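A.B. asks: Pasting a structure below so you can have a look.
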């Protein structure tokens, strides 16, 4: 075999190994109920939950509580099934959290609280068409 063929096979094998190892870390979107069941069954994988921030009857966001030193935040999120859950983020509050249309939290349950490692936001202002 040629040296270039051997190098090509090695590169392909390494790429396949990386893809297979990262496939175990991939997570699909679940509800808070499914996330709790996964945590109770002993799953330690990161879970993605999609939903919206809780709003009052006037449409104002409620339940967002930044810490006194603003290094962490907790908020109430409602998943697609309508289940409310307190989410804790040990990072400063994302800038557009209060204006976001949808929120995706990535993390796991610890006791009765969902602890997020990351919060991904979909802000309506970024996706609306503007009249010219």
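A.B. asks: Is there a residue in segment 8-16 that is in a loop (DSSP other than H, G, I, E, B), at pLDDT below 85 and loosely packed, with under 11 Cβ neighbours inside 10 Å? Give the steps one after another, and end with the answer.
C.D. replies: Within segment 8-16, the first condition is being in a loop (DSSP other than H, G, I, E, B), and the residues that meet it are none.
No, there is no match, as no residue in segment 8-16 is in a loop (DSSP other than H, G, I, E, B), at pLDDT below 85 and loosely packed, with under 11 Cβ neighbours inside 10 Å.
A.B. asks: Against the definition (more than 17 Å from the chain's Cα centre (by Cα) and closer than 15 Å to residue 117 by Cα), how does residue 71 come out, yes or no?
C.D. replies: Yes: the conditions hold for residue 71.
A.B. asks: From the list 74, 45, which residue is closer than 22 Å to residue 31 by Cα and surrounded by fewer than 13 Cβ atoms within 10 Å (Cβ to Cβ)?
C.D. replies: Unique residue meeting the criteria: 45.
A.B. asks: Here is a list of conditions, (1) over 16 Å from the mean Cα position of the chain (by Cα); (2) touching a residue at least 24 places away in the same chain (Cβ under 8 Å); (3) closer than 18 Å to residue 123 by Cα, and residue 51 meets all of them except one; can you say which number that is?
C.D. replies: (1)
A.B. asks: Name the single residue that is surrounded by the fewest Cβ atoms within 10 Å (Cβ to Cβ) among those in segment 108-132 being modelled with pLDDT of 90 or more and under 17 Å from residue 65 (Cβ atoms).
C.D. replies: 115
A.B. asks: Tell me which residues, restricted to segment 19-37, are exposed (fewer than 10 other Cβ atoms within 10 Å of the Cβ), modelled with pLDDT under 65 and outside any helix (DSSP H, G or I).
C.D. replies: Correct list: 24, 25, 26.
A.B. asks: Quick test for you: out of 119, 87, 106, pick the one residue that is touching a residue at least 40 places away in the same chain (Cβ under 8 Å) and assigned to a strand (DSSP E or B).
C.D. replies: Residue meeting the stated conditions: 106.
The values are calculated or read from the model by the stated rules, or taken from the named source; none is laboratory data. Remember, predicted model here, so these are calculated numbers, not experimental data. Cβ sites come from the backbone with ideal geometry, for glycine too, and all protein chains shown count toward neighbours.
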